[in-house]
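Worksheet: the structure to be examined is printed underneath.
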Amino acid sequence: MLNKELLMKSTVETRKDIDIVKASFKKMMSDKKAVSAYIREKGTLKGFNDGSIQFAKPL
Amino acid sequence: MVQFSLPSHYDVYEEENGYCFDTDSGNTYYVTFIKYPPISEYLSVDIFMMNIDRADELNHLNGDKNLVRNTILYIIWRFFSLHNDALITICDIMDGRQACRKRLFNRWFNEFADGELSKLEATLSVEGTETYASLIFRTDINNKESLETEFSLLSDINFYT
């Protein structure tokens, strides 16, 4: 019984992890599309403002 | 230290939210990095997604001397000379040329990486369209094996759908 409960718990946690991963990649794709669409429309990156996107300048 | 042996490239300058460079053909390339935290057990390092966009999508002239290629590779080299994080790229699906982009980037990478950088690849489906993701990292990264396992897990669950 204990093993079954542990297995169920593990399965639920794995499912939760998978959902988190998928949500993360959906966000990545959405960010990518938003940036590309802005550049295509405006011809520049200036003025792009989306607080949910964490741009970095790692160079 | 990752070496860079392609001396000739366009000047890269900072702009709001990213970097850009201007080509001889009058186009401007924008290179952005978007930072994401580690994703659970599936990717346990900080990830930067690198995007490359052209101001004028209809201007495909890249000029001579492979300067666009060299500049993009220079940016990647610069990143890895400063960071030991992972870089993820996802091929754009907007014009259906994602397979061409993948082949082109693979060719560039294979000519340039010289064993110092490693790349993992996976296919993913975005809104029913197949595209390609690459995870690039320094070959000497401490957790290479776990990164490979984690990226494989991502591929197994199809990242996204």
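The values are calculated or read from the model by the stated rules, or taken from the named source; none is laboratory data. Source: prediction; values computed, not measured. A quick note on method: Cβ atoms are made from the backbone with ideal geometry, for glycine too, and the neighbour counts reach across all protein chains shown.
The residues in region B:137-159 that are within 13 Å of another protein chain (Cβ to nearest Cβ) and either basic (Lys, Arg) or touching a Ser or Thr at 6+ places or on another chain (Cβ under 7 Å) (or both) can be counted, and the count is 2.
In this entry, B:LEU82 passes the filter for residues that are more than 15 Å from the chain's Cα centre (by Cα) and within 23 Å of A:LYS57 (Cβ to Cβ).
Table: residues versus (1) out of contact with any Pro (no Cβ under 9 Å at 6 or more places or on another chain); (2) of a type outside the set (S, T, N, Q); (3) at pLDDT 90 or above.
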| residue | (1), (2), (3) |
| --- | --- |
| A:LEU7 | yes, yes, no |
| A:THR11 | yes, no, no |
| A:ARG15 | yes, yes, no |
| A:ILE20 | yes, yes, no |
| A:PRO58 | yes, yes, yes |
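If you filter region A:40-59 down to residues that are small (Gly, Ala, Ser) and more than 8 Å from every other protein chain (Cβ to nearest Cβ), you find that the one that is surrounded by the most Cβ atoms within 10 Å (Cβ to Cβ) is A:SER52.
Checking every residue in region B:87-97 against the condition of being at pLDDT 90 or above and surrounded by fewer than 20 Cβ atoms within 10 Å (Cβ to Cβ) gives zero matches.
Taking the numbered list (1) of a type in the set (Asp, Glu); (2) part of a helix (DSSP H, G or I); (3) within 13 Å of the chain's Cα centre (by Cα) in turn, B:GLU145 passes all entries but (3).
When B:GLU116, B:GLU150 are screened for being under 17 Å from the mean Cα position of the chain (by Cα) and acidic (Asp, Glu), only B:GLU116 passes. Where residues in region B:114-143 are modelled with pLDDT of 80 or more and farther than 23 Å from B:LEU104 by Cβ, which of them is surrounded by the fewest Cβ atoms within 10 Å (Cβ to Cβ)? Looking at residues that are modelled with pLDDT of 80 or more and farther than 23 Å from B:LEU104 by Cβ, I get B:GLY128. Criterion first (assigned to a loop (DSSP other than H, G, I, E, B) and modelled with pLDDT under 80) does B:SER5 satisfy it? Answer is yes for this residue.
For region A:24-39, a residue qualifies if it is more than 8 Å from every other protein chain (Cβ to nearest Cβ) and touching a Gly at 6+ places or on another chain (Cβ under 9 Å), and exactly one does: A:TYR38.
Tallying residues that are more than 9 Å from chain A (Cβ to nearest Cβ), in contact (Cβ under 8 Å) with a residue 24 or more places away in the chain and not acidic (Asp, Glu) within region B:13-30 yields 6.
This table checks each residue for (1) outside any loop (DSSP other than H, G, I, E, B); (2) touching a Cys at 6+ places or on another chain (Cβ under 6 Å); (3) within 12 Å of another protein chain (Cβ to nearest Cβ); (4) under 24 Å from A:MET29 (Cβ atoms).
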{"position": "B:PHE48", "(1), (2), (3), (4)": "yes, no, yes, yes"}
{"position": "B:ASN59", "(1), (2), (3), (4)": "no, no, yes, no"}
{"position": "B:ARG69", "(1), (2), (3), (4)": "yes, no, no, no"}
{"position": "B:SER81", "(1), (2), (3), (4)": "yes, no, yes, no"}
{"position": "B:LEU87", "(1), (2), (3), (4)": "yes, no, yes, yes"}
{"position": "B:GLY96", "(1), (2), (3), (4)": "no, no, no, yes"}
{"position": "B:ARG103", "(1), (2), (3), (4)": "yes, no, no, yes"}
{"position": "B:ASN106", "(1), (2), (3), (4)": "yes, no, no, yes"}
{"position": "B:PHE109", "(1), (2), (3), (4)": "yes, no, no, yes"}
